[in-house]
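Asker: Questions regarding the structure given below will be posed in turn.
The values are calculated or read from the model by the stated rules, or taken from the named source; none is laboratory data. Quantities reported herein were computed from a predicted structural model and do not represent experimental measurements. All Cβ positions, even for glycine, are placed from backbone atoms using ideal geometry, and neighbour counts span all protein chains on display.
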Amino acid sequence: MSDLAKKRCTPSRSGDVPISAADARQLLGQLDSGWCVVDEGAALRREIRFSDYLRTMAFVNAVAWIAHSEDHHPDLEVGYNRCLIRYATHSIGGLSENDFICAAKIDALLAAEKGSPVAAE
């Protein structure tokens with residue numbers, strides 16, 4: 001598990017600004033290679049594929065639990081065998097460390113689930 005996955009999200013405060021491109025690159029290097037920074041540095045994105053609908057929905061529910069426990073919620077696009085995850089800290093108009101913390105927690109979830117019924121392909 002990465003150091004990011006061990007952290008907790010912190011609430012945004014008035015005056016917070018998005019992280020720099022250099023900081024985003026450094027944090028991205030701590031995540032699975034499936035993550036990428038998109039929207040001119042304003043969001044973090046990953047698409048994960050599964051073998052069937054049940055595995056996809058089990059994963060989506062696990063992501064919902066992470067989002068609830070961290071009080072930091074991604075945009076999800078769900079299909080039969082895929083889930084597109086997009087993180088952005090809307091209150092600051094870009095990326096924060098919280099986005100990368102949650103992405104790392106998802107990476108840890110997927111690593112723990114390899115070989116289980118919810119493992120991604």
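Asker: For region 73-84, check the following and say yes or no: at least one residue is modelled with pLDDT of 95 or more, of a type in the set (Gly, Ala, Ser) and not in a strand (DSSP E or B). Steps first, answer last, please.
Answerer: From region 73-84, those modelled with pLDDT of 95 or more are 73-84; that's our starting set.
So of that shortlist, the ones also of a type in the set (Gly, Ala, Ser) come out as 79.
Within this subset, residues satisfying the condition of being not in a strand (DSSP E or B) are none.
Checked region 73-84: no residue is modelled with pLDDT of 95 or more, of a type in the set (Gly, Ala, Ser) and not in a strand (DSSP E or B).
Asker: Something else: Name, by its number, the condition in (1) over 27 Å from residue 11 (Cα atoms); (2) touching a residue at least 40 places away in the same chain (Cβ under 8 Å); (3) part of a helix (DSSP H, G or I) that does not hold for residue 57.
Answerer: Every condition holds for residue 57 apart from (2).
Asker: Here is a follow-up. Within region 47-75, can you find the residues that are surrounded by 18 or more Cβ atoms within 10 Å (Cβ to Cβ) and either on the phi > 0 side of the Ramachandran plot or among the aliphatic types (A, V, I, L, M) (or both)? Let's see the steps before the verdict.
Answerer: Initially, region 47-75 is screened for residues surrounded by 18 or more Cβ atoms within 10 Å (Cβ to Cβ), giving 48, 50, 55-56, 59, 63, 66-67, 72, 74.
48, 63, 66, 67 - these are the residues of region 47-75 that are surrounded by 18 or more Cβ atoms within 10 Å (Cβ to Cβ) and either on the phi > 0 side of the Ramachandran plot or among the aliphatic types (A, V, I, L, M) (or both).
Asker: Those residues that are hydroxyl-bearing (Ser, Thr, Tyr) and in contact (Cβ under 8 Å) with a residue 24 or more places away in the chain, I need them from region 1-23; list them, please.
Answerer: Listed by number, the residues that qualify are 2, 10, 12.
Asker: Moving to a separate point now. Can you name the condition, by its number, that residue 44 falls short on among (1) surrounded by 14 or more Cβ atoms within 10 Å (Cβ to Cβ); (2) hydrophobic (A, V, I, L, M, F, W, C); (3) over 10 Å from the mean Cα position of the chain (by Cα); (4) within 19 Å of residue 3 (Cβ to Cβ)?
Answerer: Here residue 44 clears every test but (3).
Asker: Same structure, new question: Name the residue that is farthest from residue 101 (Cα to Cα), counting only residues in region 19-41 that are β-branched (Val, Ile, Thr) and over 12 Å from the mean Cα position of the chain (by Cα).
Answerer: Out of the qualifying residues, it is 38.
Asker: Return the residues of region 18-45 that are in contact with a helix residue (DSSP H, G or I) (Cβ under 6 Å, 6 or more places away or on another chain) and farther than 11 Å from residue 104 by Cα; say none if nothing qualifies.
Answerer: Answer for region 18-45, where residues must be in contact with a helix residue (DSSP H, G or I) (Cβ under 6 Å, 6 or more places away or on another chain) and farther than 11 Å from residue 104 by Cα: 37, 41, 44.
Asker: How about region 4-20: which of its residues are basic (Lys, Arg) and part of a helix (DSSP H, G or I)?
Answerer: 6
Asker: Continuing with the same structure: Taking region 95-116 as the search range and keeping residues that are surrounded by fewer than 20 Cβ atoms within 10 Å (Cβ to Cβ) and small (Gly, Ala, Ser), which one is nearest to residue 7 (Cα to Cα)?
Answerer: It comes out as 108.
Asker: In region 24-54, how many residues are part of a helix (DSSP H, G or I) and free of Cβ contacts under 8 Å to residues at least 60 places away in the same chain?
Answerer: The total comes to 3.
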